[in-house]
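To start, the structure itself, in C-alpha cells.
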Amino acid sequence: MVRVIGLILLTIVISSFNISETKNYFEGTVTYQLSYKPIHENATVAFLEENYGVIEIMHYKNGFYKKISLNRKGDTVKTIVHNPITKMMYGTHILSGDTIMKYSSLDNIMKGYKKTKVTNEQVLGYKTYGIQLDYEISQDFVLYGIENQVMTYYFSKKLKIDSENHKNQKDGFYNEIINENPYLILKSVDDDKFIKIETKTAFKIKEDEIDDSIFEIDGSKPIIKI
C-alpha cells in the first residue's frame, strides 16, 4: 500500500512538473530588420524605409505586444499595440501626428486563405519552419482591384507563446494561425501585391520581464476608431 501511494504521489509530482514546464512562454523583446522590394512604379526603397521603417522593436508579454518601427534617422514611424483584454488594436503613424487609431481585433478584412508549407530556414541560430498564407480579401475592402495578399511566417518551436492570448485576434485569421503554431514569429514576408514586399527578420532576442506600463495607451492623445 505504501509503495502504491508513493507511486501515485510521484506521478502527481511529475505531472505537476510537466504542466509548469509547458507554460514556460516567451516574454521579452525582439528586434527585427526590415527590408523592401518595391512593387508600385512610384515606390522606392528610400520611400518605403522612410515611411515604414528599417527596424522594428517588439515587446511581448502574455499576448500583449507593442511594435515600434524606426526609420534610418531613428524617428518613430509607427507603433502598433495589441491588447488581448480589451480586444483592441491601437496604432499611430508619423503622417497622422499624435492621433491614435484603434480598431477591434475581432474585425477581419480577409475572406479566407490557403495555407502551404515553405522551405525551413535558420534565423539567429534557431531552426524555423515556414507557412505561406494566400489571403483572399473581402469584397468590401478591395482597393485598386487588389483582391489577394500573401503572407509567409517562420516560427521557432523553441520560443513558445500561449495561443489562448490570441483567440480574439481574428484580423488575418491570426487566431487560427497561432492556435496551430503557438510560437514566436522570427521572420515574415508580406507581399501586399500593390506597394511592396516587406521582409522582417529577427536579429536580436532578449528574454526579460516586461513592465505592463509599456502597453498603456496615452489617453491625452486624440483617439479615433477606424
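We did not get these values from a lab; they are worked out from the coordinates using the rules stated. Not measured: the values here are computed from a predicted model. Cβ placement follows ideal geometry from the backbone for every residue including glycine, while neighbour counts extend to all protein chains displayed.
What is the helix-to-structure angle for 2-22, meaning the angle in degrees between its Cα long axis and the longest Cα principal axis of the chain, kept from 0 to 90 and rounded to the nearest 10? Orientation of helix 2-22: about 10 degrees from the principal axis. Other residues whose C-beta falls under 13 angstrom from the C-beta of GLU209 contribute a net charge of -3, scoring Lys and Arg +1 and Asp and Glu -1. Taken about its Cα centre, the chain carries a charge dipole of roughly 560 debye when the Cβ of each Lys and Arg holds +1 and the Cβ of each Asp and Glu holds -1.
Here the contact order of the stretch 26-217, divided by its residue count and restricted to Cα pairs under 8 Å and six or more residues apart, works out to 25 percent.
Look at the dipole of the chain built from charges on Cβ: of ILE178, ASN148, SER35, the Cα furthest out on the positive end belongs to ILE178. Each residue of the stretch 150-164 is assigned a 3J(HN,Hα), and the resulting list reads 10, 10, 10, 10, 10, 10, 10, 6, 7, 10, 8, 10, 8, 5, 4 Hz, derived from the Karplus form 6.51 cos²θ - 1.76 cosθ + 1.60 (θ = phi - 60°), x at Gly and Pro. Near the amide H of VAL123, within less than 5 Å, lie the amide hydrogens of THR128, all on another chain or at least 5 residues away, with H placed in the peptide plane.
In whole Å, how far is the Cα centre of the stretch 142-162 from that of the stretch 192-226? Distance between centres, Cα-based: 16 Å. Here's how it looks for VAL54: its modeled amide H is under 5 Å from those of LEU70, ASN71, ARG72, which are all 5 or more places away or on a different chain. Between the amide H of ILE197 and those of LYS37, ILE39, distances stay under 5 Å, these residues lying 5 or more places away or on another chain, with hydrogens modeled in the peptide plane.
Inter-label distance, ILE226 to LYS193: 2.1 nm, where each label sits 7 Å from its Cα along the C-beta direction. In this label model, ALA46 and ILE146 are separated by 2.3 nm, measuring between points 7 Å along each Cα→Cβ vector.
Converting phi to 3J(HN,Hα) with the Karplus coefficients 6.51, -1.76 and 1.60 and the offset θ = phi - 60°, the stretch 75-86 yields 6, 6, 8, 7, 9, 9, 10, 10, 10, x, 7, 7 Hz in sequence order, with x at every glycine or proline.
Only helical runs count toward this figure. For the chain, summing -39,500 (n - 2.57) over DSSP H runs of n ≥ 4 and dividing by all residues gives -5000 deg cm²/dmol at 222 nm. The Cβ shell under 10 Å around GLY91 holds other residues with a net charge of +3, Lys and Arg each +1, Asp and Glu each -1. For the residue pairs LYS37/LYS160; LYS196/LYS221; LYS102/LYS196; LYS114/LYS187, alpha carbon separations beyond 21 Å are given by LYS37/LYS160; LYS196/LYS221; LYS102/LYS196. For the stretch 183-200, backbone phi angles converted through the Karplus equation (6.51, -1.76, 1.60; θ = phi - 60°) give residue-by-residue couplings of 9, 5, 8, 9, 8, 9, 10, 10, 9, 7, 6, 9, 9, 7, 10, 10, 10, 10 Hz, Gly and Pro being listed as x. In this rough spin-label picture, where each label sits 7 Å from Cα along the Cβ direction, the GLN122-GLU207 distance is 2.1 nm.
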